[in-house]
1. Treating only the Cβ atoms of Lys and Arg (+1) and Asp and Glu (-1) as charged, compute the dipole magnitude of the chain about its Cα centre; round to the nearest 20 debye.
2. Taking H placed 1.01 Å from N in the peptide plane, check which residues at least 5 places from HIS54 or on another chain put their amide H under 5 Å from its amide H.
3. Can you sort HIS54, HIS29 from fewest to most other Cβ atoms within 10 Å of each residue's own Cβ?
4. For the chain, just say rounded, prolate or oblate: build the C-alpha gyration tensor, square-root its eigenvalues into a ≥ b ≥ c, call rounded for a/c under 1.5, and beyond that prolate if a/b exceeds b/c, oblate if not.
5. Once phi is turned into θ = phi - 60°, what whole-Hz ³J(HN,Hα) does the Karplus curve with 6.51, -1.76 and 1.60 give for every residue of the range 21-28, x standing for Gly and Pro?
Amino acid sequence: MNRKGNPYDNALMESFYKKLKRELVNDAHFATIKQAQLEIFKYSETYYNPKRLHSALGYLSPVEFEKNSYSLA
């Protein structure tokens, strides 16, 4: 169970939010909330998950890692 104010309870999401802020949000200027939501969705669904290399996955993208795990089964 997560405790309030403890980032170690949810390290995966904290890591994602850190990268999201650094790579997208910090330098962005969104005209509307809807535009911000769309850009964050595009970041997570078209870059972060399918293409971005993750050190915890042996420097593979999550999509590549998942394909490899199915081929081993």
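Just so you know, all these numbers are worked out from the coordinates, no wet-lab data involved. What you are looking at is a predicted structure, and each value in this text was computed from that prediction instead of being measured. Virtual Cβ from ideal backbone geometry, glycine too; neighbours counted across all protein chains shown.
1. The dipole of the chain has a size of about 160 debye.
2. TYR59, LEU60, SER61
3. Ranked by crowding around the Cβ, least crowded first: HIS29, HIS54.
4. Because a/c hits 1.5 or more and a/b fails to exceed b/c, the chain counts as oblate.
5. Rounded to whole hertz, the list is 5, 5, 8, 10, 6, 4, 9, 8.
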